[in-house]
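This report refers to the structure that appears directly beneath it.
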Amino acid sequence: MQRTPEGAVAFLSWWVEMYNYVELTGETELITTHSEADCTFCRNFIGRVQPVYDTGGRIERIGETTFGEIVPGEIDEAGYIVVEMVTGSPATKAFQSDGNLVDESPPEAGIRTIAGIQWTSSSWMLTEIAPNVETQ
């Protein structure tokens, strides 16, 4: 992926695919490796997923997290870019290893979202992703 707005969007597309994969497998290293350590969204996601899989549980859902209406900003001198988009997430259910339901989330659609992405020496890193409260 290149250090261009299109490269940042390609990275974000890949990151969303990994997000979907991690939620279904519990392999959180993919998110950890490609996200800044202080990314609140990323930490919360890992904190929700990892305990389920660490105890032998699973997460089920219908569909995948999606994003569209993508509008990348300009890359600043430090290599940082903000990407605006509309996201959606499927309904999910988390189960313990014994099959008991421990968490449930309804589907969400049409969420105006922003992502901060930073170019490092040779790749992109997600710094944060959050609802865009200015357009909600």
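The values are calculated or read from the model by the stated rules, or taken from the named source; none is laboratory data. Since the structure is predicted, the reported quantities are computational estimates derived from the model, not experimental observations. Backbone-built Cβ (ideal geometry, glycine too); neighbour counts: all protein chains shown. Areas reflect the complete protein model, heavy atoms only, side chains present, ligands, DNA and RNA absent. Shrake-Rupley method; radii C 1.70, N 1.55, O 1.52, S 1.80 Å.
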About the Cα centre, and with charges only on the beta carbon of Lys, Arg (+1) and Asp, Glu (-1), how big is the dipole of the chain? Nearest 20 debye, please.
220 debye
Go ahead and estimate [θ] at 222 nm for the chain from helices alone: -39,500 (n - 2.57) per DSSP H run with n ≥ 4, summed, over the residue count, rounded to 500.
-9500 deg cm²/dmol
To the nearest 10 degrees, the tilt of helix 5-25 (Cα long axis) against the first principal axis of the alpha carbons of the chain is 10 degrees
In the calculated pair distance distribution of region 1-69, what percentage of Cα-Cα distances lie above 14 Å?
63 percent
What is the calculated FRET efficiency for Glu77 to Ser13, with r their C-beta to C-beta distance and R₀ = 22 Å, to the nearest 0.05?
0.35
Along region 30-35, Karplus-curve 3J(HN,Hα) (6.51, -1.76, 1.60; θ = phi - 60°) to the nearest Hz, with x for Gly and Pro, reads 4, 6, 4, 5, 10, 9
Just need the relative contact order of region 8-136 here, percent rounded to a whole number, with Cα pairs under 8 Å and 6+ apart.
23 percent
Report the normalised scattering of region 69-136 as log10 I(q)/I(0) at q = 0.14, 0.18, 0.27, 0.29 Å⁻¹, calculated by the Debye formula with identical scatterers on the alpha carbons.
-0.59, -0.77, -1.12, -1.20
Backbone HN-Hα couplings from phi across region 48-62 [Karplus 6.51/-1.76/1.60, Hz, Gly and Pro as x]
8, 7, 4, x, 4, 6, 4, 9, x, x, 8, 10, 10, 7, 10
Suppose R0 equals 25 Å. What FRET efficiency, 1/(1 + (r/R0)^6) with r the Cβ-Cβ distance, do Ile62 and Met1 give to the nearest 0.05?
0.25
Given a 1.4 Å probe and every protein chain left where it sits, what share in percent of the accessible area of the chain is carbon and sulfur?
52 percent
Potential extension, Arg48-Glu29 segment - 0.36 nm per residue separation minus Cα distance:
5.4 nm
Can you give me the long-range amide H partners of Glu128? Hydrogens built in the peptide plane at 1.01 Å from N, cutoff under 5 Å, separation of 5 or more residues or another chain.
Gly116
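If you average over every viewing direction, what projected area does the convex hull of the Cα atoms of the chain give, in nm²?
The Cα convex hull of the chain, projected and averaged over all directions, gives 8.2 nm².
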When a/c is below 1.5 the answer is rounded, else prolate if a/b is larger than b/c, else oblate, so apply that to region 41-94 with a ≥ b ≥ c taken from the square roots of the Cα gyration tensor eigenvalues.
oblate
Answer rounded, prolate or oblate for region 5-45, using the Cα gyration tensor with square roots of eigenvalues a ≥ b ≥ c: rounded when a/c is under 1.5, else prolate when a/b is larger than b/c, else oblate.
oblate
